[in-house]
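Input: a single structure, listed below in C-alpha cells.
The values are calculated or read from the model by the stated rules, or taken from the named source; none is laboratory data. Keep in mind it's a predicted model, so treat the numbers as computed, not measured. Using ideal geometry, Cβ is built from the backbone for each residue, glycine included, and neighbour counts are taken over all protein chains shown.
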Amino acid sequence: MHNSGLPDSSDGRCLLALNDIRFHWPGRDGFALSVDSLRLDFGEKLFLKGPSGSGKSTLLSLICGIVSPDSGSIRIDGTDIARLGASRADRLRADKFGIIFQQFNLLPYGNMLQNVLLPLQFSSARRERVSAGGMPAEEARRLLQRLGLAPDQHARRVTRLSIGQQQRVAVARAMIGNPRLIIADEPTSALDSDNRDEFLKLLFEEVTRANAGLILVSHDQSLASRFDRRVDISEIASTTLPGTT
C-alpha cells in the first residue's frame, strides 16, 4: 500500500478527504479495497486511471455514498458520508454531486431541457442556488448554449440527438445548481478525438467557473496531462481479488 502523503484535510481548500478506508463486497471470496488517503481540493481536476478490475468503480461508489466502507472516513465538504444513513447519503449526493455516467443515463422520452432540469427535482439546495440567480429553465438553457447546443434544439427529444450532443446534455445536467464535486466515469469513451477535445474544454471551463472539484476516470492515457493531478489507483489503494488471500 502506498500512502499519498497528502496534507491534513482541515484547511478550507479541501473538498474531499478519504482516510483509512477498508471495504469488502459481501461473500467470503469477494473483492476488497483499502485506501489509506486521498484528497481533492476545491477547483482541482484529478485524472484517475487503472486497469479493469482494479477498483475504480468501487472507489467511486464509496465516494458517492452508494456503498459504505467497513471502516474509515469519507468527508465531502466537511460531512462524513460514511456515517450517514442511506436517505441522508442520498440527499448529500443529490445536493453536492454532479455525475456524468459512461452511458449518459438520460431520460429517453425527455427533451434536452427536461433532462438538464431533472437534478433540481431531487435537491432543494441546488434548486435554491439556481433560483437565486434567476429561473431554473434560464440556467439550463445557458448551460446548454454554453456547451454548443442552440436554443432551437432544446425541445428535441434526447433519442434524436447524436452521441456528442447527448454527452453535452449529460454535462449540463451534472453542472446545474453548482454541485461541489463532479464525477465523470469514462465520459469520452463514445467520442471521436475532435468531439473529445471539445468536450473536455467545455467541461473544464464549467468546472472552473463553479470552483467545483472534478474526478475523471478514463483508460485514455492521452488525457492525463490536461489535469492538475494524475493518480493511478495502485498508488493509493490495495485490492484483494476473489479467490486470493
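Couple of notes before you dig in:
- ALA170 being touching a Phe, Trp or Tyr at 6+ places or on another chain (Cβ under 6 Å), at pLDDT 90 or above and among the small types (Gly, Ala, Ser): yes
- Per-region count, region 196-206, residues surrounded by fewer than 22 Cβ atoms within 10 Å (Cβ to Cβ), modelled with pLDDT of 85 or more and aliphatic (A, V, I, L, M): 1
- Region 116-132 - residue that is more than 13 Å from PHE97 (Cα to Cα) and under 17 Å from the mean Cα position of the chain (by Cα) and, of those, surrounded by the most Cβ atoms within 10 Å (Cβ to Cβ): VAL116
- Count of region 145-163 residues which are outside any helix (DSSP H, G or I) and either among the aromatic types (Phe, Trp, Tyr) or at negative phi (or both): 9
- Among the residues of region 185-237, those identified as in a helix (DSSP H, G or I), of a type in the set (A, V, I, L, M) and touching a strand residue (DSSP E or B) at 6+ places or on another chain (Cβ under 7 Å) are VAL207, LEU223, ALA224, ILE233, ILE236.
- Of the residues making up region 78-128, those that are aliphatic (A, V, I, L, M) and assigned to a loop (DSSP other than H, G, I, E, B) number 3.
- Subset of region 179-195 (residues that are farther than 20 Å from GLY50 by Cα and either surrounded by fewer than 16 Cβ atoms within 10 Å (Cβ to Cβ) or at pLDDT 80 or above (or both)): PRO179, ARG180, LEU181, ASP192, SER193, ASP194
- Set GLY55, GLY85, GLY78: member being of a type outside the set (Lys, Arg), within 28 Å of GLU128 (Cβ to Cβ) and under 18 Å from the mean Cα position of the chain (by Cα): GLY78
- Output for region 55-104, where each listed residue is touching a strand residue (DSSP E or B) at 6+ places or on another chain (Cβ under 7 Å) and of a type in the set (D, E, K, R): LYS56, ASP70, ARG75, ASP77, ASP80, LYS96
- Subset tally (residues that are assigned to a helix (DSSP H, G or I) and either among the aliphatic types (A, V, I, L, M) or in contact (Cβ under 8 Å) with a residue 12 or more places away in the chain (or both)) for region 37-66: 7
- Restricting attention to region 142-155 and to residues that are touching a residue at least 12 places away in the same chain (Cβ under 8 Å) and surrounded by fewer than 16 Cβ atoms within 10 Å (Cβ to Cβ), the residue that is nearest to VAL116 (Cα to Cα) turns out to be ALA155.
- Some residue of region 220-229 being surrounded by fewer than 19 Cβ atoms within 10 Å (Cβ to Cβ), in contact with a Gly (Cβ under 9 Å, 6 or more places away or on another chain) and at pLDDT 85 or above: yes
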